[in-house]
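Scroll down for the structure; my scribbles are underneath it.
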Amino acid sequence: MENTIPNKINSLPADDWTMVIRPKRGLLDINMGELWRYRDLIMLFVKRDFVAKYKQTILGPLWFIIQPLLTTLMFTIVFGNIAQISTGEIPKVLFYLTGIVGWTYFSTCLNDTSQTFIKNASIFGKVYFPRLALPISVVISNLVSFFIQFVFLLGFLFYFMATDPIIKPNLNVLLIPVLIVLIAGLGLGFGIIISSLTTKYRDLTNLVTFGVTLWMYITPIIYPMSEIPEEYKIYVLANPMTPIVETFKTALLGVGEINYMHLLYSFGFTVVVLVAGVVIFNKVEKTFMDTV
């Protein structure tokens, strides 16, 4: 008996296929159209991350507010009262909270995306979808928590505006959406680089949290730039998060100066990190199932 199945398959017209999966041809090959087609899946990942984070907790989403508040109180006691680190004319609580809200979004994006391959290896091995969908979903889900914390920060800001004439937000608040994009880009870029490296070098996961904490101390979160000695400012400004945090504070608090050249440096740094992250991610994606 003749086997007619191959003939039937070969006789199918090409137009009958709804999708053709091909291997990537280049390290910078990003199919944005494909990511857009999988937008529903990305939003499912966003919902999963957001719900799973606090699903079995007593206080639930209240932790989005409790965490920055407790951190602010600790900074006020340790750095403001005990160490006597000046925050200039800005009330300590407001100064710390403003920096913490911006920094928390960056650190959570970096920490969460750095575990993309390890945490989702079982999904990657079962079904096809653009792998960048997962780290992108992490950035979006963390954006939701950022907005909750930002609204909480605005409550503090309005209170101090009513009691302290120094606190005057200015037109630079229009830059905040740009700053959010830069923070997300830096967190995503560094996160996927670390995620790609940890598929082979697992001990890097132990250094990420520690490294991010150290990074915070070379970012003007607990001190203003005006308090840094001139000979050390160049090292602090080499940190791409420094101009972003400084602009974020200046826009909301109305105290300080915005250096657009420094902000342009952060933008360029973000682009380089994102490109490097995509290159490494695409390279590792092809073989990570053999090493993860």
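Please treat every number below as a calculation from the coordinates, not as lab data. None of these values were measured; they are calculated from a predicted model. As a convention, Cβ positions derive from the backbone with ideal geometry for all residues, glycine included, and neighbour counts pool all protein chains shown.
Full-extension gain between Ile123 and Asn81, please, as 0.36 nm times their residue separation minus the C-alpha to C-alpha distance. All intermediate terms of the calculation are to be shown ahead of the outcome.
On the way: separation 42, 0.36 × 42 = 15.12 nm, distance 4.86 nm.
Length gained, Ile123 through Asn81: 10.3 nm.
A Förster radius of 25 Å, combined with the Cβ-Cβ distance separating Leu204 from Ile66, puts the computed FRET efficiency at roughly 0.25.
Other residues whose C-beta falls under 14 angstrom from the C-beta of His262 contribute a net charge of 0, scoring Lys and Arg +1 and Asp and Glu -1. Within region 60-291, the percentage of alpha carbon pairs spaced more than 25 angstrom apart rounds to 43%. With contacts taken as Cα pairs under 8 Å at a separation of at least 6 residues, region 60-291 carries a relative contact order of 30 percent. Run the quick spin-label model on Val271 and Glu34: label points 7 Å from Cα toward the beta carbon, then report their separation in nm to one decimal. It is 2.5 nm.
Quick check: net charge around Gly88, other residues with Cβ under 12 Å of its Cβ, Lys/Arg +1 and Asp/Glu -1?
In short, 0.
Among the listed pairs Lys168/Lys233; Lys233/Lys283; Lys47/Lys92; Lys200/Lys249, those whose Cα-Cα separation exceeds 31 Å are Lys233/Lys283; Lys47/Lys92; Lys200/Lys249.
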